[in-house]
1. Enter the angle in degrees (range 0 to 90, nearest 10) between the Cα long axis of helix 36-49 and the first principal axis of the Cα atoms of the chain, meaning the one along which they spread out most.
2. Would you mind calculating the gained length between Ser35 and Asp128 on full extension (0.36 nm times residue separation, minus the Cα-Cα distance), in nm to one decimal?
3. Computed FRET efficiency, Cβ-Cβ of Asp85 and Asn21, R0 25 Å: what is it to the nearest 0.05?
4. So which of Lys158/Lys201; Lys2/Lys67; Lys2/Lys201; Lys87/Lys170; Lys153/Lys181; Lys67/Lys87 end up more than 32 Å apart, counting from Cα to Cα?
5. To test your reading of the geometry: what angle, between 0 and 90 degrees and rounded to tens, separates the Cα axis of helix 158-175 from the longest principal axis of the chain?
6. Once the Cβ-Cβ distance between Met1 and Asn105 is put in as r, and R0 is 22 Å, what FRET efficiency do you end up with, to the nearest 0.05?
7. Listed highest first by mean packing, meaning other Cβ atoms within 10 Å per residue, what order do 161-168, 126-133, 4-11 come in?
8. Just from its helices, what would the mean residue ellipticity at 222 nm be for the chain, if runs of 4 or more DSSP H residues each count -39500 (n - 2.57) and the sum is divided by every residue, rounded to the nearest 500 deg cm²/dmol?
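Any read-out appearing in this document is the output of simple, stated calculations on the displayed coordinates, not a laboratory observation. These figures come from a predicted structure and were not determined experimentally. Methodologically, a virtual Cβ is constructed for each residue, glycine included, from the backbone with ideal geometry; neighbour enumeration extends over all protein chains shown.
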Amino acid sequence: MKEIKLVITEPFINGPSWLTNNPGLEIIIISGASSQAEVDGALYKTLFYNDIPITDNPSECLELLMKEMDAQESIVTGGLLFRVDDKIIMPGCCCGLEQWREAVNHLRQGRRPWLGHDPIRGCEFFEDSIFIISDNLEEYPEEREYRQKEQYKLEYSKDEMEALLIQLEKDSDDFINGPLKKRLGELAPEIADKFCEAWHKNF
């Protein structure tokens, strides 16, 4: 199985009373199938990460976040998750969900996208294949022998990659127009449509 998913990493689980708390949530997958717990986790992580004051008034909190997103000033940990069978490469440190469209454009153009560090994720293009690399050894020449034992590569053909990137774009739209809009209709119906537009603009 080959997949590429949009994810938010390191979600917080103890949000305000108006959001669902899910202690077992380790990663949030952004798609039309996202659960209410995943939507709430995405909202809380984004609120917290952007220093939005958390109050008992969801409309107030979400409107402040909406204004930041509308100005394209919001960030949140995450990005692209790559999977081939049982091998997974997660977004590295300092990689954000707000960068995913830029990463997609780079992959389509045959350019290395930023996929995070610690370890630095790599990308290689060779003939009809695209390789996503768990650890770019070029960045650690003095540790190459040691780190090479842990390195692995995920291979996609160009056609497979394009099909998955198209699905990724659909996943984003389906999340916004499905679970996100539904949950906002419950939490802050007066700003639901504008919030979804701002989310799409920023993320």
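1. Its long axis makes an angle of about 90 degrees.
2. 29.8 nm
3. My answer for the efficiency is 0.15.
4. Details: Lys158/Lys201 27 Å; Lys2/Lys67 37 Å; Lys2/Lys201 28 Å; Lys87/Lys170 24 Å; Lys153/Lys181 37 Å; Lys67/Lys87 38 Å.
Pairs exceeding the cut-off: Lys2/Lys67; Lys153/Lys181; Lys67/Lys87.
5. 10
6. 0.30
7. Values: 161-168: 16.5, 126-133: 14.8, 4-11: 21.0.
Listed from highest to lowest mean packing, they are 4-11, 161-168, 126-133.
8. Mean residue ellipticity, 222 nm, calculated: -11500 deg cm²/dmol.
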